[in-house]
Each structure stands twice: as structure tokens, then as C-alpha cells.
Amino acid sequence: MTQQGTPLPDVLRRRATDEPAARAYVFVNEYLEETAVLTYRDLHTRALAVAEQLRRHCEPGDRALLLFPPGLDFIVAYFGCLFAQVIAVPASPPRRNHVQDATYRIVRDCAPAVVLTVGAMLEATRAALEPLHPELRWLPVDQLPDAPDGGFEPQPCPPDAIAFLQYTSGSTSDPKGVMVSHRNLSANEEMIRRAFGHDAYSTVVGWAPLFHDQGLIGNVLQPLHLGATSILMSPGAFIRWPLLWLSAISRYRAHTSGGPNFAFDACVARAARGGLPELDLSCWKVAFNGAEPIRPETLRGFADAFAPFGFSENALYPCYGLAEATLLVTGSEKGRGPRMLEMDTEALGRGRYAAARGGGGRTLAGSGIALSDEHVRIVDPETLRPCPDDHIGEVWVAGEHVARGYWGRPEATAGTFQAECAGEPGRAYLRTGDLGLVVDGELYVVGRLKDVVIIRGRNYYPQDIEHTAQSSHPALRAGGCAAFSVPGAGGEKLVVVQEIRAEQRRKADANEVAASIRAAVLREHELSVGDLVLTLPGRLPKTSSGKIMRAAARKRYLEAGFELWTAQTSSVA
């Protein structure tokens, strides 16, 4: 176990000295073959070599853009930045030699001095980014020496120095760089350790992208904090073969693994087709579910599907967090299993809690309890006063794990990270932008403050409408729906944009699909869909963790429109 407050370079240095041959990170391919391994000594030595090269081109505090395919070179590059005291900026790697728009915006925002990548990506990435930032230096990590030449000596790392910028787009298309310090990381890693019940034998299996906070902080830095082993695979391998994830958990006897809600749904859907591999999931003690709305039916379905393989429902671990709080804010209690709450929908629409009577309410899955060394409040976003226990409000968080702010955005930092709650003068809170309530100590997240649809004075939470819409017909794509409101002739009107499943593009009847959606939304929410847009797969913008970017979808709807789907043709509207 690492002492809280120890900067990461010191943690790695100690591991490399005390247990140099221990396997820190293992990367497996789609056949579960180990294609790369890093011991603590390997990582320490290679990271120092990268740091030596960085200091030849950069000054402490300069930014380094990290663009890597799935694999262990990213980890070497990241720790090289830490040793050189250069600020790492993880970003989504190019796909098919195409650099994403978000990456261009990140480069403009943080003005990196150097790009760390691999040789195979170098030329295409350089051709795309050099016109935007001609003075960039380029370092292919896989082509650098495996050890420093002896002339570089890392300096002590100040606890409040920035460890990396975690860019987050949230529900908008404008990325903001969250400044995560060494102190923030140390505090949150220790919170995770205690909440998950981890020790040095708690093997972690993960497939989340390493440029995403869940992949980096949860699947890379938490095992280092523990002295445990991390088994990593590519996100693409999971998407193509969801049960490969479970096979890795079974083979490596993982204690902890998880992902967004859709990952558990994907496994259930694949299991329903039969032909499952041999699995023993009795080792899995923390199956964390976070990064998007947690569905009660997902939790129940996964537990039922994999109970015959030794999986315990009590291992399900709903949690809640965000990049602005480093990663984790609330989590279930290990071994307890999820909590559910039946809410009256009428009260929910008025922003209050009341227990559902006689069925017909909305079931919410809890996101766990507040963790040690933090303060979580439910606050009225207008009056800035704490809400009564039965009222829904904005989730506010305070603690050492709350990040320093947004890179180069003092006004946004003040508004988001330096809020004061009435009755608690002098304590700065993070305004998460999420709406929720606490019942019997459990946090229940109901939606995003900016995404709430208000029609005729009643609040509707878009993820509920989206779930209803995409579940109304088998031709509709799960995770491919956006609900939002726009001005109409008689006030706000509801717009639903829904993607069709690829294999149904020329099979399903468009009129039948549309009628199913409208009927389901009217039946479940007593709400008429003002405009329904059926579009093709992959048209809705999403964040790196798979969340629908509703603000960006609304903007596109109002400006250029979406490519429409019909049974035979498509057009733009």
C-alpha cells in the first residue's frame, strides 16, 4: 500500500527498487495471448529514458500530447512525462489515419511543445497537426533508447504540480482540460483503495481507453498505488468480443473490473446467443458500473446471466464520478450489492422524492455513498442552499481529490470549482452539473442540470425518454438516442433523435418504428414527441466514454440536421 500524498514518480521508484521483477502491466490480444509485459523495473528504466529525451526539448510545465494505439507504450510515455515534470495531455489516437476534431481543439487549447506517439502513427499524425502547430517536436516512444544514458536525474515533484490534463467534453463539443495534480491523484487513489477493498493481491482487468480517466486512473494508476498487477486489452477487442473481457477476468482471477453500463448490456446480449466460453467469475469481487446512467434492469440481467458462472450479485458495484473530481466520488459498499429506489414519477417531475405506490413508478439504481475525506452536498442550483432531504438538487463535492480547475479558463474554474454553499463559508465546492438526491445515505443521480427537458412546468430527464424510445422497437440501436427540447410555437417541444441498427436499415418499416417510439414515450411519460428524427448508425456525437453529447446533438439538429433513415433511402434534414 502506498502512503497517501506520495507523488507517483516516487511510488514507481520505490516499486522498481523493492520488487523490480514483479509484473506491473500485461497487455493481451483478442486471443488472450500476452503480447507485452512491463515489470516495475522495465517501466522505471524506460520512463527515465523518455524523460531524458523530453528534457532535451521541453521545460518543466510544458505540455506533451500523448497519442497512442492501445498498448503499454502509453504508460511508458506517461511516466516519462512525470519524471520530466512535463504535463501529459492524453488524447484519442487517430483512427484510420484520421485525427479527430477534438484533438485539434485540444492542441489549440493547451499548445503542446511535443507529441509522444509510436513510429507507426508518426507520419500521418505529423501531417495532420504540424500545419496547426509547426513548432511541435515529435518523439516516437517505441524508437527511443530503452534506458537513459546516465545524464538525467529527476527532481522531486511538488505535490500540487499538475500531473496531467484530462480533457473532457461532457455534454458539449468544447473540450476543457481538467488540471489534475499529484495531490489530487494520491487522494483519489487512496479513496478508491479503501472503497474497493484493495490490496497488493487485487488484480485488475481493464479495457477502457488509457486516454480516458477510467482507463488511466482506475486501470493503470490504481494498480501501481497498490503494487498489484493490471491486465489490459484494447477497447476494440472488447467491442468485437465482449465475453473476452469476462474470459480475462476468469483466467487472471481478477478482483476488480468494470466499465460503463453498456459494457454489462453487451455481455448479456452476447450470452443470450449461446456458445459461452468456460468461465469462473467467483473471483470477481468488485464489478464497478459507472460513466453513464446505471440501469436497474442491466444490473439484474447481468447477475442473472452470469450467476451460473460463479458471479455474485453482491459484487455489483454502482459508482459515480467525473474528471473534475479526478475520478471517483461515490461508490457502493464492497460486497453489499446495488440499492434500488422506487420513485413516484409525479413527484420526480416536480423535483421531489416520494415512494412509488402500487407500481408504475421509476426505479433508480443508487450510485453509492460518500467516501471518506470528502463532502457531498445536494444544493439548490439557484439559491445555492442545501436542499431538504426529499428534494432533487445539484451534486456538489469538496475534498483533496477535486482538481485544480480548467486549463487557461479562470472564469469557468471560478464558476465550477469555487462555489460556496450557504452555511459553509470558506469551503470551496465543485459544482458537478449533475442532479441527484440522497436517501438513507445513498446518492441517486437523476440527470444533468443542463439537459433537463422542461415542458409545461414539469421536469423530464432525457436519459429516461431515451431509454423508453430505444427500447420500443427491435430495429433501434441501444445507446443511440438523444432527447432534448427546442423552442416551438406553443413553448418548448420535445425532439428525439434515434439511430437505427445497421442490419435493420433495409428491413424495418419506418412508419412502424416511428409509431412505436411515439406510443412508448406517450405511454411511459405522458409526453408527445414534437419531432422524431430516425437516423443512421453512428450519427449522434458521443464522448470518449460513450455518453451522448446532447448539447452537440441539439446544435446539429438546429443547424445542419441529421441524415434521415427510411426503409429504402436516406436524405438530410
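None of the figures in this text is laboratory data; all of them are computed from the coordinates on show. All figures in this text were calculated on a predicted structure; none of them were measured in a lab. Glycine also receives a Cβ, built like all others from the backbone with ideal geometry; neighbour counts cover every protein chain displayed.
Be a star and scan segment 331-375 for residues whose amide nitrogen sits under 19 Å from the point 7 Å along the Cα-to-Cβ vector of H391.
344, 346-355
Where does the charge balance sit around E190 when Lys and Arg score +1, Asp and Glu -1, over other residues with C-beta under 15 Å from its C-beta?
-3
Quote the relative contact order of the chain in percent (integer), defining contacts as alpha-carbon pairs under 8 Å separated by 6+ residues.
10
Kirkwood hydrodynamic radius (Cα pairs, Å) of segment 340-450?
14.8
How large is ³J(HN,Hα) for each residue in segment 532-538, as worked out from phi by the Karplus curve 6.51 cos²θ - 1.76 cosθ + 1.60 (θ = phi - 60°), to whole Hz, x for Gly and Pro?
Per residue, the Karplus-derived 3J(HN,Hα) values read 10, 10, 9, 10, 7, x, x Hz.
Could you work out how far the C-alpha centroid of segment 397-444 sits from that of segment 55-86, in angstrom?
Computed from Cα coordinates, the inter-centre distance equals 30 Å.
Just add up the charged neighbours of P381: K/R +1, D/E -1, any other residue whose Cβ is under 9 Å from the Cβ of P381.
That sum, taken over residues with Cβ under 9 Å, equals -2.
For W138, W407, W207, which order do you get if you count the other beta carbons within 10 Å of each Cβ and list the fewest first?
The order, fewest Cβ neighbours first, is W138, W407, W207.
Please state the relative contact order of segment 452-572 as a whole percent: Cα pairs under 8 Å, 6+ residues apart?
Once divided by the residue count of segment 452-572, the mean separation gives 25 percent.
Could you run the Karplus curve 6.51 cos²θ - 1.76 cosθ + 1.60 with θ = phi - 60° over segment 344-352 and give me ³J(HN,Hα) per residue in whole Hz, x for Gly and Pro?
Running phi through 6.51 cos²θ - 1.76 cosθ + 1.60 with θ = phi - 60° gives 6, 5, 5, 5, 4, x, 9, x, 10 Hz.
Long-range amide H contacts for S181: which residues qualify at under 5 Å (H placed 1.01 Å from N, peptide plane, sequence gap of 5 or more or a different chain)?
For S181, whose amide H was placed from the backbone, the distant partners under 5 Å are A163, R404.
If you take every DSSP beta bridge whose two residues both sit in the chain, what share of them, in percent to the nearest 5, is antiparallel?
Percent antiparallel among DSSP bridges in the chain is about 65.
Return the sequence-ordered ³J(HN,Hα) values of segment 328-335 in whole Hz as given by the Karplus equation 6.51 cos²θ - 1.76 cosθ + 1.60 applied to θ = phi - 60°, using x for Gly and Pro.
Each residue of segment 328-335 in turn: 8, 10, 10, x, 5, 8, 3, x Hz.
Based solely on C-alpha atoms, express the radius of gyration and the Dmax of the chain in angstrom.
Over the chain's Cα set, Rg and Dmax evaluate to 23.6, 74 Å.
Could you list which residues have their amide H under 5 Å from that of K493, counting only those 5 or more apart in sequence or on another chain, with H placed in the peptide plane?
Hits under the 5 Å cutoff: V486, G488.
With a Förster radius of 30 Å, plug the Cβ-Cβ distance of Y201 and A147 into 1/(1 + (r/R0)^6) and report the FRET value to the nearest 0.05.
About 0.50, to the nearest 0.05.
Label L32 and K555 with points 7 Å out from Cα along Cα→Cβ: what is the distance between them in nm?
Inter-label distance under the simple model: 4.4 nm.
Quick check: net charge around R539, other residues with Cβ under 9 Å of its Cβ, Lys/Arg +1 and Asp/Glu -1?
-1
Given H placed on each backbone N at 1.01 Å, which residues far from V439 in sequence or on other chains put an amide H within less than 5 Å of it?
Amide H neighbours of V439: Y444.
Over 18 Å apart: what share of the alpha carbon pairs of segment 452-572 falls there, rounded to a whole percent?
Summing the P(r) tail past 18 Å for segment 452-572 gives 47 percent.
Please provide three numbers in whole Å: the alpha-carbon extents of segment 111-195 along the principal axes, with the largest listed first.
45, 44, 21
Which ordering of I106, I378 is given by a fewest-first count of other beta-carbon atoms within 10 Å?
The order, fewest Cβ neighbours first, is I378, I106.
Please compute the length gained on full extension between D440 and D280, using 0.36 nm multiplied by the number of residues separating them and subtracting their Cα-Cα distance.
54.2 nm
Before rounding to the nearest 500, sum -39500 (n - 2.57) across all DSSP H runs of length at least 4 in the chain and divide by the residue total; then give [θ] at 222 nm in deg cm²/dmol.
Estimated from H runs of four or more residues: -9000 deg cm²/dmol.
Given the convex hull over the Cα atoms of segment 191-338, what projected area results after averaging over all orientations, in nm²?
Seen from a random direction, the Cα hull of segment 191-338 projects 7.7 nm² on average.
Starting from 0.36 nm per residue, how many nanometres of slack lie between A478 and E420 once their C-alpha separation is accounted for?
17.0 nm
What FRET efficiency comes out for the pair E346/D531, r = Cβ-Cβ distance, R0 = 25 Å, nearest 0.05?
E(calc), rounded to 0.05, equals 0.45.
Pull out the extension gain between D174 and Y104, defined as 0.36 nm times the separation in residues minus the alpha carbon to alpha carbon distance; nm, one decimal.
Fully extending the segment from D174 to Y104 adds 24.1 nm.
Only counting other Cβ atoms within 10 Å, I'd like T103, T17, T298 sorted with the fewest neighbours first.
T17, T298, T103
Measure out, as a whole number of angstrom, how far apart the alpha-carbon centroids of segment 513-537 and segment 1-44 sit.
50
Lysine pairs in the chain with Cα distance under 29 Å, only those 8 or more apart or on different chains: how many are there?
Final tally of qualifying lysine pairs is 18.
To the nearest 0.05, how large is the calculated FRET efficiency for E297 and R14 if R₀ is 51 Å and r is the Cβ-Cβ distance?
After rounding, the FRET efficiency stands at 0.70.
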